[in-house]
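Enquirer: Take this structure first; my questions come after.
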Amino acid sequence: MAKKAGRNTKARIVAAAWRLFYEQGYEDTTVEDIVFESETSKGSFYHYFEGKDALLGSLSVLFDEKYEELRPRIDPEADAVETLVFLNRELFNMIDNSVSLELLARLFSSQLVTRGEKHLLDRNRTYFKLLYQIIRDGQSRGQLRTDMTANEIAKAYAMFERGMMYDWCLCGGEYALGRYSALMMPMFLQGFRPER
């Protein structure tokens, strides 16, 4: 039970921090603001994070929470490609509406130079587990090619998503990420259909 309470505390801190980063900006958000907004304590904050900069790597936690929220909405009878497009659309719409360009760019920057954990590539994330499940199911139902492993398809999908987010950052957010992805992701995923 203590482990679950700990996860909830950490999740509250992460959610509050990213909400404040979006509303106030990263520079104008203090640890005190995050503690107050998350209704936790400074001790709890420093138990999980060395400081505000350490929260940059926690965006993957926020993304995984979104996937947990979406999981019950996935139609088990839906086509695997349609399901992957749905997940991408929902995540990118969330980014458009609640993650600032500056913070996403900082996340990519921090992941490029870190010698430590690369959160975006962590195969234990909900994100990758859900992708594997959808892809394996799609392969067993004949909706996705089987001459590639589920791992190879998941890696390509994740790489394409990161590429779109990175491009959005490079372009200064001059287009809506969700709308652009709605055009590009279905075309990309067609390449994983079995040859007929």
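The values are calculated or read from the model by the stated rules, or taken from the named source; none is laboratory data. Not measured: the values here are computed from a predicted model. When we count neighbours, we look across all protein chains shown, and the Cβ atoms used for this are built from the backbone with ideal geometry, even at glycine. To get the accessible areas, we keep the full protein, side chains included, count just its heavy atoms, and leave off ligands, DNA and RNA. Shrake-Rupley method; radii C 1.70, N 1.55, O 1.52, S 1.80 Å.
Enquirer: May I ask you to give the percent of accessible area on the chain that is carbon plus sulfur, with a probe radius of 1.4 Å?
Expert: Details: 5590 of 10660 Å².
C and S fraction of accessible area: 52 percent.
Enquirer: Taking Rh as the Kirkwood radius computed over C-alpha pairs, what is the Stokes-Einstein D of the chain at 4 °C in a medium of viscosity 1.567 mPa s, expressed in µm² per second? Could the numbers behind the result be given before it?
Expert: Working: Rh = 17.9 Å.
Rounded to a whole number, D works out at 72 µm²/s.
Enquirer: Shifting gears a bit: Quick one: length gained pulling Met159 to Arg179 fully straight, 0.36 nm per residue minus the C-alpha distance? Provide the component values of the computation, followed by the final result.
Expert: Numbers: separation 20, 0.36 × 20 = 7.20 nm, distance 1.85 nm.
Extending this stretch completely gives an extra 5.3 nm.
Enquirer: Just want to confirm a number: the relative contact order over the chain, from Cα pairs under 8 angstrom separated by 6+ residues, in percent. Write out the running numbers ahead of the final one.
Expert: Working: 161 pairs, mean separation 45.8, N = 196.
Computed value for the chain: 23 percent relative contact order.
Enquirer: With every protein chain in place, what's the accessible area of Thr40 (1.4 Å probe, Å², nearest 10)?
Expert: So the heavy atoms of Thr40 present about 30 Å² to solvent.
Enquirer: How much area per residue is accessible in the stretch 1-70 when the probe is 1.4 Å and only protein heavy atoms are counted (Å²)? Let's see the in-between values first.
Expert: Numbers: 3860 Å² over 70 residues.
Per residue, the stretch 1-70 has an accessible area of 55 Å².
Enquirer: Would you work out the charge dipole size for the chain about its Cα centre, treating the Cβ of every Lys and Arg as +1 and the Cβ of every Asp and Glu as -1, and quote it to the nearest 20 debye? Numbers along the way, then the final one.
Expert: Numbers: 26 positive and 29 negative charges, 155 e Å.
Taking the Cα centre of the chain as origin, the dipole is about 740 debye.
Enquirer: Mind pulling the angle between the C-alpha long axis of helix 177-190 and the longest principal axis of the chain? Nearest 10 degrees, somewhere in 0 to 90.
Expert: 30 degrees
Enquirer: Within the chain, what's the longest stretch lacking GluC sites (Glu not before Pro) that sit in DSSP loops with no more than 12 other Cβ atoms inside 10 Å?
Expert: Numbers: sites that count: Glu27, Glu39, Glu50, Glu77, Glu117, Glu174, Glu195.
Answer from the scan: 118-173.
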